[in-house]
Amino acid sequence: MSGLMLVFLVVLIFVVLYQVARSSEMVAQIQGEQQFDKKRNKILGFSMLILMIAFFVGIVWCHEYMLPLMGPEAASNHGVQYDFMFKVTLWVTGIVFVLTQVLLFWFCFKYQRNGDKAPVFFAHSNKLELIWTTVPAIAMAVLVAIGLKAWFTMTGEAPKGAMQIEIVGKQFNWISRYPGPDGELGKKYFLNINDKDNLLGQDWTDKRNMDDIIIPNGELRLVKDVPVELIIGSRDVIHDVGLSHFRMKMDAVPGITSRIWFTPTITTAEMKRKTGNENFVYELSCDQMCGKGHYSMRAVVVVETQAEHDKWLKEQKSYYVQNHPEEFPAEAPIVAPVDSSKKITMNK
Amino acid sequence: MSNEAAIHTDVHTHDSHGHHDDHAHHEHKQHFITKYIFSQDHKIISRQFLITGIFWAIVGGLMSVFFRLQLGFPEQTFKVLTMFLGDWAHGGKMDPEMYYGLITIHGTVLVFFVLTGGLSGTFANFLIPLQIGARDMASPFLNMLSYWFFAIAGVIMFSSLFITTGPASGGWTTYPPLSALKEASMGSGLGMDLWLVSMALFVVSSLLGGLNYIVTILNMRTKGMSMTRLPLTIWALLFTAILGVLSFPVLLSAAVLLLFDRHAGTSFYLSEIYVAGKALPNVGGSPILYQHLFWFLGHPEVYIIMLPAMGMASEILATHSRKPIFGYFAMILSLIGITLLAFLVWAHHMFVTGMSPFLGGVFVLLTLLIAIPSAVKVFNWLTTIWKGNIRFTVGMCFALGFVSLFISGGLTGLFLGNSALDIHLHDTYFVVAHFHIVMGISAFFGMFAGIYHWFPKMYGRFMNNTMGYIHFFITFVGSYVIFWPMHYEGVAGMPRRYYDFSNWESFKQFGELNQMISIAAIIVFIAQLFFVFNYFVSIWKGKKVTDPNPWQSNTLEWTTPIKPGHGNWDGEIPEVHRWAYDYKDDGNGGDFIPQHIPLKEGEESH
Ligand code: HEM
Ligand SMILES: [Cu+2]
Ligand SMILES: [Cu+2]
């Protein structure tokens, strides 16, 4: 009922406004078109000037409000490059923005029709047109040049000795896999997947799989100043590994393996201190629409020192061991690849 | 290049169906149905497109209000949501599935039904025959079909809102596998089929329309109307139609392949998938193929939306500055440049799909190239109003607002087009801000400018000015308030298509801001209802037009009677002697010389 009342009220307001507006036009008619035109142009020309001032004040105000809310500085080598490029682009576009917007609103104010100016016939000028074709062209060339330079380093081969971690998306969480002591990720195939004991569909005939560690909540453990290459995949639909603090992003596409690499430069602990936020975490967000839980597809990224990382690694059991505890007596050491394969055959 | 002969027979055939025209001599009574519903008069069809477009704009806008309520106030419940969404919003809180359904349909209908069908359909139909001096389209019948395909597409899309599994919900881009597998999401069930069928019909509609526009512009210009005398509106509409005709079929093929994958067991887009507890048999397809096909339309699509707005803004800016458009040929060249490049930049939407970095580099280069013709247009518009005698009609205000928005939105394209920046900004709110400003809002401004400007020609009455100004100021300020801060959210990495941010340490600090944006969105939405009200009331109650050329404009549509009948001109179609922009001293104290006025002795043609 109240909804109906509201609609009624709104319509009523519209009608009243329309009537008021109409009577103001009657007045205009009585004044005469010319007089009215002049008055209107004066009011609106002036309004445009006010609009411009409001616009720029609003922008500054918005900027001041937003700055403290923005995330911290980039936490990777590529991110630093990104931040630099962003600044350059912001300056270039910012200058053009201010220039053109000011001209636009200023012309509105300055050249309002007030009835006593003769028309100016100025239909074209090769010189002017040449200028504003070449100047943007040069600006674009500069932006493309720095852009491509950054792009090719970001997408180039990962450096030798980069740590490899696999990250796989599924509705609606991430799964990460570490190569274990042998430093290599084993083969997998989607037909082997099952949610009970083979999340990624590892092929157990490939011995490199035996020591692979799987973290089912997708946690990524990275080491400060050590390049990391992410091997990205998906089990079902397209997801996207979004690493906003590292300024990196890559789709996770079923049937296709994609990769990105970067070098984290600030540990989580350092970042907590820098931001003064005890709860600070690096987060991995899914950035490609993947269904109803898309917005909750989160994983945590930890950047730590080498020592911390080694300690953590030691505590992990390989996925195979976790799921086949009967094959491994409790006192046995964490599997080394060759041993483990031997053990399996021996146990049989 | 007269089409007089062809037209006479045309008018005749119509007459034999009992056709009529408001002013002319033969005043047979025509049935309401043939006159207003299954009409073949381009002016009626254009109004049909416009009113259907307005309907869809209200639907799409209302959806944005609903999902903005969710984004701004994730903790609160709203009765109004339950009222409209029923079980999809139990206890006043919207389901995530409905959230995704709403953004999908919001995006789809605003892009395709409002700013393509509604915008091109309205103004191509209305302006092409009137401004080139033709009695109707080359094929009025196909033109009518074009509208009816559009209408049916709309009915199907609308019906998908009422089915139990809900509408398509994979985003307006509907990427497979999500959109291909009904196991992957509720909206990928029947809703997705309806979406695909509706889009297929929409493509048919836009092809029928587009071909007609091209043929009409090329063949049916009145005597003296050489291509280089055409108003820029027509040039823009021509390239819009060319873009559509060449790219929409690709979308159709994408949709058909997707239908096959969904129902015929093919694997065009599917490979190695384990979903809902089982592995699917499909191998060898590529989801990326769909993205290539989609964006091969998707990118030209943004220019299909922009060009008509650009054309109308050019025309309106010149008319109300009482100055010729600056750089007419540069404007045409830049339209050509934009049209060509529009086909060569599609993969800038796919920088992070793992494409070859080299290819990515090529697309960066081509993408930033397109900034050059766009910049030329902006500078030309600015020079057009420079030293003008600006008359602030409502249409002019919107055209000026269009320029401001196009600048703001175009510049952020330089960030996204540069892959090394896109690698961070892709699929964040920066993108949402960018495309809303440059394509959504600015095209809407072009459309509003066009409606306010040509309303007198459409209905023989004016829209109410005061209400128009209120509409303009609220919309202009409101749009910036809504979308400007979204850039910052995007720079902070806040992903788009998120139902709720409160569990994210990195994004939850924007809660208060999101509230503010939502409130602004509601205000802007109400201001649009203002416009709708003004539009419909003015059809019957607006101030009557008394001067056939109320804006002192040069183009041919203003030489028709105040309310032209089918056939547009009562007598002969006027012959054209000059270009459309002779806004100059006419020797008698006037400041314009319409196209049909012969050159004076010693006067140089442009
Ligand atoms: C008051 C006006 C509008 C508001 C407040 C609004 C708001 C939004 C928001 C917040 C989103 C992002 C939702 C999300 O990512 O979760 C969105 C998506 C979108 N909007 Fe709008 N919008 C408006 C008008 C328009 C217009 C005029 C267009 C026409 C081009 C448009 C086209 C789109 C598209 C294509 C999407 C993307 C949908 C998707 O992600 O698949 N919107 N809108
Ligand atoms: Cu996801
Ligand atoms: Cu594009």
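The values are calculated or read from the model by the stated rules, or taken from the named source; none is laboratory data. All values reported here derive from a predicted model rather than from experimental measurement. Reconstructed Cβ throughout: ideal geometry from the backbone, glycine too, with neighbour counts over all protein chains shown. Protein only, heavy atoms only, side chains kept; ligands, DNA and RNA dropped before computing areas. Shrake-Rupley method; radii C 1.70, N 1.55, O 1.52, S 1.80 Å.
Which of (1) part of a helix (DSSP H, G or I); (2) more than 16 Å from ligand 3 (Cβ to nearest atom) does B:Ser267 not meet, given it meets every other one?
(1)
Under 8 Å between Cβ atoms, which residue pairs at least 6 apart in sequence (or on different chains) link something in segment B:469-491 that is touching a residue at least 24 places away in the same chain (Cβ under 8 Å) with a partner that is outside any helix (DSSP H, G or I) and among the aromatic types (Phe, Trp, Tyr)?
B:Glu489/B:Phe507
Among the residues in segment B:168-185, are any on the phi < 0 side of the Ramachandran plot, more than 16 Å from ligand 1 (Cβ to nearest atom) and free of Cβ contacts under 8 Å to residues at least 40 places away in the same chain?
There is no residue in segment B:168-185 that is on the phi < 0 side of the Ramachandran plot, more than 16 Å from ligand 1 (Cβ to nearest atom) and free of Cβ contacts under 8 Å to residues at least 40 places away in the same chain.
In segment B:538-553, what residues are within 12 Å of chain A (Cβ to nearest Cβ) and open to solvent by less than 40 Å² (accessible area, probe 1.4 Å)?
Residues satisfying the conditions are B:Ser538, B:Gly542, B:Pro550, B:Trp551.
Identify, by number, the condition in (1) over 30 Å from A:Ile231 (Cβ atoms); (2) within 16 Å of ligand 1 (Cβ to nearest atom); (3) not β-branched (Val, Ile, Thr) that B:Leu341 doesn't meet.
Exception for B:Leu341: condition (2).
Give segment A:299-316 a look and list any residue that's among the hydrophobic types (A, V, I, L, M, F, W, C) and either part of a helix (DSSP H, G or I) or more than 29 Å from the chain's Cα centre (by Cα) (or both), or say none.
Matches in segment A:299-316: A:Ala307, A:Trp312, A:Leu313.
Which is more than 21 Å from B:Trp346 (Cα to Cα), away from ligand 2 (no atom under 16 Å from the Cβ) and crowded, with 20+ Cβ neighbours inside 10 Å, of B:Gly284, B:Gly311?
B:Gly311
Go through segment A:188-205 and give me each residue that's open to solvent by 20 Å² or more (accessible area, probe 1.4 Å) and within 19 Å of A:Thr257 (Cα to Cα).
Selection gives A:Lys188, A:Tyr189, A:Leu191, A:Asn192, A:Leu199, A:Asp203.
Has segment B:299-308 got any residue that is in contact (Cβ under 8 Å) with a residue 60 or more places away in the chain, away from every other protein chain (no Cβ under 14 Å) and open to solvent by 10 Å² or more (accessible area, probe 1.4 Å)?
Taking every residue of segment B:299-308 in turn, at least one turns out to be in contact (Cβ under 8 Å) with a residue 60 or more places away in the chain, away from every other protein chain (no Cβ under 14 Å) and open to solvent by 10 Å² or more (accessible area, probe 1.4 Å).
So which helices (runs of 4 or more DSSP H) are wholly in segment B:89-161 and hold at least 1 residues that are in contact (Cβ under 8 Å) with a residue 40 or more places away in the chain and within 16 Å of ligand 3 (Cβ to nearest atom)?
Filter on segment B:89-161 gives B:96-108.
Taking helices (runs of 4 or more DSSP H) that fall entirely within segment B:354-450, which contain at least 2 residues that are at the interface with another protein chain (Cβ under 9 Å from one of its Cβ atoms) and open to solvent by less than 10 Å² (accessible area, probe 1.4 Å)?
Answer list for segment B:354-450: B:357-369, B:371-385, B:394-416, B:419-425.
Of the residues that sit in segment A:85-95 and are free of Cβ contacts under 8 Å to residues at least 24 places away in the same chain and open to solvent by 40 Å² or more (accessible area, probe 1.4 Å), which one is farthest from the chain's Cα centre (by Cα)?
Per the criteria, the residue is A:Ile95.
Have a look at A:Arg259, A:Arg298 and point out the one that is in contact with a Cys (Cβ under 9 Å, 6 or more places away or on another chain), in contact (Cβ under 8 Å) with a residue 12 or more places away in the chain and either within 16 Å of ligand 1 (Cβ to nearest atom) or of a type outside the set (A, V, I, L, M, F, W, C) (or both).
A:Arg298
Based on what the data block shows, is B:Ile54 at pLDDT 95 or above, away from ligand 2 (no atom under 16 Å from the Cβ) and open to solvent by 20 Å² or more (accessible area, probe 1.4 Å)?
In short, no.
Quick check on segment A:31-50. Is at least one of its residues of a type in the set (Gly, Ala, Ser), in a helix (DSSP H, G or I) and either more than 23 Å from A:Leu103 (Cβ to Cβ) or at the interface with chain B (Cβ under 8 Å from one of its Cβ atoms) (or both)?
The answer is yes; a qualifying residue exists.
Of the conditions (1) more than 20 Å from B:Met355 (Cα to Cα); (2) surrounded by fewer than 17 Cβ atoms within 10 Å (Cβ to Cβ), A:Arg259 clears all except one; give me its number.
Unmet condition: (1).
So in segment A:261-292, with the set limited to residues that are farther than 16 Å from B:Phe507 by Cβ and within 16 Å of ligand 2 (Cβ to nearest atom), which one is nearest to the chain's Cα centre (by Cα)?
Here the answer is A:Gln288.
Among all residue pairs at least 6 apart or on different chains, which show Cβ distances below 6 Å where the first residue, located in segment B:578-606, is without any contact (Cβ under 8 Å) to a residue 60 or more places away in the chain and the second is among the acidic types (Asp, Glu)?
Matching pairs, first to second residue: B:Ile593/B:Asp582; B:Ile593/B:Asp586.
Looking at A:Val241, A:Val228, can you tell me which residue is more than 16 Å from ligand 1 (Cβ to nearest atom), within 13 Å of chain B (Cβ to nearest Cβ), open to solvent by less than 10 Å² (accessible area, probe 1.4 Å) and of a type in the set (A, V, I, L, M)?
Within the list A:Val241, A:Val228, the selection yields A:Val241.
Given the criterion more than 30 Å from A:Thr275 (Cβ to Cβ), facing chain B (nearest Cβ under 7 Å) and touching a strand residue (DSSP E or B) at 6+ places or on another chain (Cβ under 8 Å), identify the matching residue among A:Phe107, A:Phe152, A:Phe121.
It is A:Phe107.
So, in segment B:341-355, exactly how many residues are out of contact with any Ser or Thr (no Cβ under 8 Å at 6 or more places or on another chain) and either at pLDDT 95 or above or within 17 Å of A:Lys249 (Cβ to Cβ) (or both)?
5
For segment B:424-440, state whether one or more residues are more than 16 Å from ligand 1 (Cβ to nearest atom) and out of contact with any His (no Cβ under 7 Å at 6 or more places or on another chain).
Yes: segment B:424-440 contains one or more residues that are more than 16 Å from ligand 1 (Cβ to nearest atom) and out of contact with any His (no Cβ under 7 Å at 6 or more places or on another chain).
Can you find a residue in segment B:255-262 that is part of a helix (DSSP H, G or I), within 16 Å of ligand 3 (Cβ to nearest atom) and closer than 15 Å to B:Pro176 by Cβ?
No: zero hits.
May I ask you to list the residues in segment A:158-182 that are of a type in the set (Asp, Glu) and not in a strand (DSSP E or B)?
The answer is A:Asp182, and nothing else.
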